[in-house]
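Here is the structure we will look at.
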Amino acid sequence: MRYTSTAVVEVGTMPFRERCVMSLREEFVQRALAEDEPFRALCRRFEISAPTGYRWLVRYRREGLAGLADRSRRPRRSPRRTSPELEAAVLALRARHPSWGGRKLAARLRALGRTPVPAPSTITAILRRHDRLDPARAGRPRDFQRFEHEAPNELWQMDFKGHVPCGGGRCHPLTVLDDHSRYALTLAACADERGETVQDRLVETFRQHGLPQRLLVDNGSPWGAPGAVHGYTPLTIWLLRLGVQVVHSRPRHPQTLGKDERFHRTLNAELLGEPLPDLGTAQRRFDAWRRVYNHERPHEAIDDAVPASRYWPSERPYPEQLPPIEYPRGDELRKVQDGGRVDFQTRRLRVGKGFTGLQVAVRPLDAEDCWAIYFNATCIAKYNLATGERV
């Protein structure tokens, strides 16, 4: 074991507990001077290297007990120390982005054409010398690397950050993030968390970026119905009509939406520290910060690239008119009745009130007496007709 402030050493069969560094070193040199056992064997007993043992012995002979004290390892001169001009550039960039660390600052300096660019560790040392590091965040464990989809628009993650004070009321930031690129597609200052509000914001996003293949959301309102058998809401049914598959995260597992949750932490650290006077001002600040996030801020999860370098719009344009609901020939078609039920072969099968008045298709499964109910291209329920239970 290595000796710091205290240690436990066993010499022979006698344990020495809670011994200070100086007393251990003094004991070592006294035994070495007595020459009762080979020097290297003595070093192994005290779990130190032979060069360290010789260094203590030489210092003790030259300076006595004071020679065994720890000494500063700071070099007497630093010919490769960062120039004052470069330090000033680092500090100026840090002042504009107080939450950025060494890696982000280094990547941004390279993008700005600054040469030479210090290593991230050097930039961190500069920040530490000038008391620009947050002690509360120092040494905090880094996030694990999560899965990533292969191309943009294969999966978007969407969630509300949680309301923040805004004037005399509240602002509910709505965020939509592309899974592959980490590109922030939407950062909207909403007055509420109603489905109609989310749909209006999504229409703007779809018009600008096209439609994703899938949209990952949690199980709460307005995109989920906690405790309901079906879990579909008017918002998610609208998405299904557009051909966007809705994927719900695992209950009580917010890490499923990990990228968007991490985006919320960044948003909170870099933008939401100042009060928002009103929703209009909040949206203008959101828009300005989103441009920095997408086009300037290096993202460590994508090798310090900026999200805009990995994102391009979807090839699926947003249709201004909802497309018709079509099913393959041979499907058993049923209209969803009041209460969200489908009558099929003497059974009343529940699919959810949100589908009332819409047409669904019933298809047989491989298992005996089992049928699947489809809305558009999405399977919304499976039933065993022999028992009337969901499968």
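The values are calculated or read from the model by the stated rules, or taken from the named source; none is laboratory data. The structure presented is a predicted model; accordingly, all values stated were derived computationally and were not measured. In this analysis, Cβ positions are derived from the backbone assuming ideal geometry, glycine residues included, and neighbour counts consider all displayed protein chains.
More than 19 Å from residue 20 (Cα to Cα) and surrounded by 11 or more Cβ atoms within 10 Å (Cβ to Cβ), is that true of residue 61? Step through it out loud before you land on a result.
Values: more than 19 Å from residue 20 (Cα to Cα): yes; surrounded by 11 or more Cβ atoms within 10 Å (Cβ to Cβ): yes.
It is true that residue 61 is more than 19 Å from residue 20 (Cα to Cα) and surrounded by 11 or more Cβ atoms within 10 Å (Cβ to Cβ).
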Review point. Does residue 203 fit the bill of being surrounded by fewer than 15 Cβ atoms within 10 Å (Cβ to Cβ), at pLDDT 90 or above and under 20 Å from residue 154 (Cα atoms)?
Key: yes
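Among the residues of region 249-258, is any hydrophobic (A, V, I, L, M, F, W, C) and touching a Phe, Trp or Tyr at 6+ places or on another chain (Cβ under 7 Å)?
Taking region 249-258 first, the residues hydrophobic (A, V, I, L, M, F, W, C) are 257.
This time we only want the ones that are touching a Phe, Trp or Tyr at 6+ places or on another chain (Cβ under 7 Å), so: none.
The answer is no, given that none of the residues of region 249-258 is hydrophobic (A, V, I, L, M, F, W, C) and touching a Phe, Trp or Tyr at 6+ places or on another chain (Cβ under 7 Å).
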Practice item. Just give me the residues in region 49-106 being at pLDDT below 80 and touching a Pro at 6+ places or on another chain (Cβ under 7 Å), in sequence order. Key: 82
Exercise for review: Pick out the one residue from 355, 344 that is under 30 Å from residue 260 (Cα atoms) and among the aromatic types (Phe, Trp, Tyr).
Suggested key: 355
Revision key, fill the gap. By residue number, the members of region 35-58 that are touching a helix residue (DSSP H, G or I) at 6+ places or on another chain (Cβ under 6 Å) and loosely packed, with under 10 Cβ neighbours inside 10 Å are none
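Farther than 17 Å from residue 186 by Cα and more than 15 Å from the chain's Cα centre (by Cα): is that true of residue 285 in this structure?
Details: farther than 17 Å from residue 186 by Cα: no; more than 15 Å from the chain's Cα centre (by Cα): yes.
Here the answer is no, as residue 285 does not meet what is asked.
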Check your understanding: When region 95-119 is examined, which residues are found to be surrounded by 16 or more Cβ atoms within 10 Å (Cβ to Cβ) and more than 20 Å from residue 307 (Cα to Cα)?
Key -> 117, 118
Revision key, fill the gap. Here the residues within region 166-177 that are in contact (Cβ under 8 Å) with a residue 40 or more places away in the chain, more than 20 Å from residue 222 (Cα to Cα) and assigned to a strand (DSSP E or B) are 166
**Study point:** Residue match in region 277-286 (condition: out of contact with any strand residue (DSSP E or B) (no Cβ under 8 Å at 6 or more places or on another chain), modelled with pLDDT of 95 or more and closer than 28 Å to residue 211 by Cβ)
**Key:** yes
Revision key, fill the gap. The correct count of residues that are free of Cβ contacts under 8 Å to residues at least 12 places away in the same chain, of a type in the set (D, E, K, R) and part of a loop (DSSP other than H, G, I, E, B) in region 36-53 is 2
Point to revise | Residue list for region 318-375, restricted to those being within 30 Å of residue 204 (Cα to Cα), of a type in the set (Gly, Ala, Ser) and without any contact (Cβ under 8 Å) to a residue 12 or more places away in the chain | key: none
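Does residue 267 satisfy being outside any helix (DSSP H, G or I) and either in the same structural domain as residue 183 (by TED's automatic domain parsing) or at pLDDT below 95 (or both)? Quick ask: steps written out before the conclusion?
Values: outside any helix (DSSP H, G or I): no; either in the same structural domain as residue 183 (by TED's automatic domain parsing) or at pLDDT below 95 (or both): yes.
Here the answer is no, as residue 267 does not meet what is asked.
Residue-wise test of (1) outside the structural domain of residue 258 (by TED's automatic domain parsing); (2) surrounded by fewer than 23 Cβ atoms within 10 Å (Cβ to Cβ); (3) over 24 Å from residue 316 (Cβ atoms); (4) more than 25 Å from the chain's Cα centre (by Cα).
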{"position": "166", "(1), (2), (3), (4)": "no, yes, yes, yes"}
{"position": "175", "(1), (2), (3), (4)": "no, yes, no, no"}
{"position": "182", "(1), (2), (3), (4)": "no, no, no, no"}
{"position": "189", "(1), (2), (3), (4)": "no, yes, yes, no"}
Practice item. State whether one or more residues within region 135-156 are modelled with pLDDT under 80, surrounded by 12 or more Cβ atoms within 10 Å (Cβ to Cβ), in contact with a Pro (Cβ under 9 Å, 6 or more places away or on another chain) and not assigned by TED's automatic domain parsing to the domain that holds residue 249. Key: no
